1. State yes or no: is GLY74 out of contact with any Ser or Thr (no Cβ under 7 Å at 6 or more places or on another chain) and exposed (fewer than 14 other Cβ atoms within 10 Å of the Cβ)?
2. Going by what's in this entry, would VAL66 be described as at pLDDT 95 or above, over 20 Å from the mean Cα position of the chain (by Cα) and surrounded by 16 or more Cβ atoms within 10 Å (Cβ to Cβ)?
3. If I go through segment 1-32 residue by residue, how many of them are assigned to a loop (DSSP other than H, G, I, E, B) and under 21 Å from ARG99 (Cα atoms)?
4. Is there any pair with a first residue in segment 103-119 that is at pLDDT below 60 and a second that is among the small types (Gly, Ala, Ser) whose Cβ atoms are under 6 Å apart and which are 6 or more apart or on different chains, and what are they?
5. Please tell me if CYS154 is within 12 Å of the ligand (Cβ to nearest atom) and under 15 Å from PRO108 (Cα atoms).
6. Only one of these conditions is not met by THR89: (1) more than 15 Å from GLY16 (Cα to Cα); (2) surrounded by 14 or more Cβ atoms within 10 Å (Cβ to Cβ); (3) of a type outside the set (Phe, Trp, Tyr); (4) in contact with a Lys or Arg (Cβ under 7 Å, 6 or more places away or on another chain). Which number is it?
7. Counting only residues that are surrounded by 14 or more Cβ atoms within 10 Å (Cβ to Cβ) and at pLDDT below 95, which one in segment 134-147 is farthest from the ligand (Cβ to nearest atom)?
8. Going through ARG99, ARG68 one at a time, which residue ends up being basic (Lys, Arg) and over 21 Å from CYS145 (Cα atoms)?
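The values are calculated or read from the model by the stated rules, or taken from the named source; none is laboratory data. Predicted, not measured: the structure shown is a model, and the values here were computed from it. Neighbour counts run over all protein chains shown; Cβ positions are idealised from the backbone, glycine included.
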Amino acid sequence: MVTTTPLEEELSRLAGAVPDPELPAVTLEELGVLRGVHVLGPGRVRVELTPTYTGCPGIEAMASDVERVLHEHGMADVAVVTVLSPAWTTDDITEEGRRKLAEFGIAPPRPQKADGPVPLTLAIRCPHCGSTDTELLSRFSSTACKALRRCVTCREPFDHFKEL
Ligand SMILES: [Zn+2]
């Protein structure tokens, strides 16, 4: 994200602190969907958001939440635009975001861009007991971006935020 002025930094903080409509434990900043905030003139700002999964309808709710927050901060003219490139991947979720997902009972996506070709073989860890002995129940859970798994050790089902 490129921010140039103190006002843009402040507005980025405000927009970034907006909770994800579907996963209120995680902010837009932590989700990695806030791409840029540009002040175009007095009271005029353009916010760039990138959508997550096409199956997740969250982007419109995110846009109106960001608009509201910036309106409240004196920005009369807030334009939220969707940026498709570079595409969002689950690697854009911050460390803090991953920690919060796990705290929320959702196994975070495994990192994909780590060095070496092996990361995807990493086991998915049960967010309840930490066991890596888990099995897939359904490729789709409450939303298309999550899969439903069950822990073999503690028998608890949990959502896994799928890698993208
Ligand atoms: Zn478990």
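1. yes
2. Details: at pLDDT 95 or above: yes; over 20 Å from the mean Cα position of the chain (by Cα): no; surrounded by 16 or more Cβ atoms within 10 Å (Cβ to Cβ): yes.
When the stated conditions are applied, VAL66 does not pass them.
3. Initial filter on segment 1-32 (assigned to a loop (DSSP other than H, G, I, E, B)): 1-5, 17-18, 20-26, 32.
Checking the rest, the ones that are also under 21 Å from ARG99 (Cα atoms) come to 17-18, 20-26, 32.
Final tally of qualifying residues: 10.
4. If the second residue must be among the small types (Gly, Ala, Ser), no pairs are left.
5. Details: within 12 Å of the ligand (Cβ to nearest atom): yes; under 15 Å from PRO108 (Cα atoms): no.
No; evaluated as a whole, the condition is false for this residue.
6. All conditions pass for THR89, except number (4).
7. First pass over segment 134-147, keeping only residues surrounded by 14 or more Cβ atoms within 10 Å (Cβ to Cβ): 134, 141, 143-147.
Next, from what is left, pick out any that are at pLDDT below 95: 141, 143-147.
Working: SER141: 16, THR143: 22, ALA144: 24, CYS145: 21, LYS146: 17, ALA147: 16 Å.
That would be ALA144.
8. Numbers: ARG99 fails: over 21 Å from CYS145 (Cα atoms).
Only one candidate passes the filter, namely ARG68.
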